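Encoded as structure tokens, the structure appears first; notes follow it.
The values are calculated or read from the model by the stated rules, or taken from the named source; none is laboratory data. Keep in mind that this is a model prediction, so the values were computed, not measured. Neighbour counts run over all protein chains shown; Cβ positions are idealised from the backbone, glycine included.
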Amino acid sequence: MKILLLHDYGTATGGAELQMLSLRQGLRDRGHDVRLFSSRVIPVSGSPLLSDYHCFGSNTRLQVLSQTANVSAYLNLRHALNTFCPDIVHVRMFMWQLSPLILPLLKSVPCLYQTAVYKAICPLGTKVLPDGQPCQHTAGVSCLQHCLSPQAWVPLMLQRQLWLRWKDAFDLVVALSHAMKAKLEAEGIRPVEVVHNGVSERPMRSPLTHPPTVVFAGRLVPEKGVNVLLQAFAQARLQVPNARLWIAGQGTEAMNLQTLAAQLKVEDCVTWLGHLPHAQLEKQFEQAWVQVVPSLWEEPFGNVSTEAMMRGTAVIASAVGAQPEIVSDGTTGFLVPPDDVHALTAALLRLLQNPSLAEQMGQAGRKHAFTHFSENRRTDRFVEIYQQIQATGKHSQGLNPFKAIS
């Protein structure tokens, strides 16, 4: 099969990007001819561009225009389609760089949209209000009232109108979790399948040693809940004085979080690792007793959870979004209410005071990750979907599954 993957970025710098690159490799390993189309944007300085076809992209003010109507993406994709002639097109993120302008080109080829965020129903892609509460509004004027400035609202509404006009290019939408599927279907997006992200296989970590170590990896932004983790860790450390916390990531809240750590008097046992390449991060987290995912918003998935489980690390996660589909509460870790310092503290203490339980949950998590979240399982599922679309999609029957959607 000839498969063309489309994604806003062609670098190994984020979870969605790593998923597309590993999917490309997995499909190639199965004998398929697979190529990746992306913008030329480099999100992290020094990261190589790994896509096979490229177009203009921008992280400057020009992005306001290019994410709405990227003429370079249209022209370069048209050339790629004409020269490569794919049997299937698999789109992931496209509304930050490539723009909906590419969609009319996809109407003549079997195509799916694997949405990694909520861009299909939310201009910001989060479905979260500025106060951190879930957004229950339909995108439109409410976005101007609650989330967007007039200057941002106008181009993003134009982008949305183009998406709604041309969304019939897709035979199928793929969500990362059943929780995400429910949100999409509640706003009229159908048909939707679920394919969880895959995690690469790796050796089991060594047996745990002291001191008890808590780790976090992710963007340092309000919705990730790192402030809740710091407060809970400070409480847990009163009973486990030698505990330590490693925080990997960067973001707009970095300085505020470091100030909070000082106010909580835990700055001496918190290590700020900054952004680390994936391989270096995994090596750094070898001795983690528990990885915490304290998200406040309903994330579509949670790669850090499955990566921790594959490593053999117990996970404590907020019971929101996809985390209840990933973490088996009481078996591979614990699920706690979001923004609940007391509950997170209690879960931390159960593991930091009981290394045998941390070992047991880590080993159970590793088995669960191999069974349910491996890259091979994900790749095989997509091959099945590609074949299904070719056999039953609108391009083979002259039908359009989106026509009934307003």
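Among the helices (runs of 4 or more DSSP H) confined wholly to segment 322-380, which include 2 or more residues that are within 30 Å of residue 3 (Cα to Cα), touching a Ser or Thr at 6+ places or on another chain (Cβ under 7 Å) and not small (Gly, Ala, Ser)?
323-326
Which one is surrounded by the most Cβ atoms within 10 Å (Cβ to Cβ), of the residues in segment 97-108 that are in a loop (DSSP other than H, G, I, E, B) and of a type outside the set (S, T, N, Q)?
Checking each candidate, the answer is 98.
Kindly provide the set of residues from segment 1-44 that are in a loop (DSSP other than H, G, I, E, B) and either among the aliphatic types (A, V, I, L, M) or free of Cβ contacts under 8 Å to residues at least 12 places away in the same chain (or both), ordered by number.
Within segment 1-44, 1, 12, 31, 41, 42, 44 qualify.
Which of the residues that make up segment 302-319 are in contact (Cβ under 8 Å) with a residue 24 or more places away in the chain and part of a loop (DSSP other than H, G, I, E, B)?
Correct list: 302, 312, 313.
Provide a single number: the residues in segment 171-212 that are in contact (Cβ under 8 Å) with a residue 24 or more places away in the chain and assigned to a loop (DSSP other than H, G, I, E, B).
Count: 24.
Of the residues that make up segment 63-76, is at least one crowded, with 20+ Cβ neighbours inside 10 Å, touching a residue at least 12 places away in the same chain (Cβ under 8 Å), over 20 Å from residue 195 (Cα atoms) and of a type in the set (Ser, Thr, Tyr)?
Scanning segment 63-76 turns up at least one residue that is crowded, with 20+ Cβ neighbours inside 10 Å, touching a residue at least 12 places away in the same chain (Cβ under 8 Å), over 20 Å from residue 195 (Cα atoms) and of a type in the set (Ser, Thr, Tyr).
Residues in segment 213-254 that are in contact (Cβ under 8 Å) with a residue 12 or more places away in the chain, more than 16 Å from residue 339 (Cα to Cα) and either under 20 Å from the mean Cα position of the chain (by Cα) or in a loop (DSSP other than H, G, I, E, B) (or both): how many?
Residues meeting the conditions: 15.
Please work out if residue 125 is out of contact with any helix residue (DSSP H, G or I) (no Cβ under 8 Å at 6 or more places or on another chain) and either assigned to a loop (DSSP other than H, G, I, E, B) or not assigned by TED's automatic domain parsing to the domain that holds residue 21 (or both).
It is true that residue 125 is out of contact with any helix residue (DSSP H, G or I) (no Cβ under 8 Å at 6 or more places or on another chain) and either assigned to a loop (DSSP other than H, G, I, E, B) or not assigned by TED's automatic domain parsing to the domain that holds residue 21 (or both).
Output the residues belonging to segment 45-96 that are within 22 Å of residue 385 (Cβ to Cβ) and in a strand (DSSP E or B).
Of everything in segment 45-96, those that are within 22 Å of residue 385 (Cβ to Cβ) and in a strand (DSSP E or B) turn out to be 88, 89, 90, 91.
Please identify the pairs in which a residue from segment 112-138 that is within 15 Å of residue 96 (Cα to Cα) and at pLDDT 90 or above has its Cβ atom under 7 Å from the Cβ atom of a residue that is of a type in the set (Gly, Ala, Ser) and assigned to a strand (DSSP E or B), counting only partners at least 6 apart or on another chain.
115/175
Need the failing condition index for residue 298 against (1) outside any helix (DSSP H, G or I); (2) of a type in the set (D, E, K, R); (3) touching a His at 6+ places or on another chain (Cβ under 7 Å), just the number.
Single failed check for residue 298: (3).
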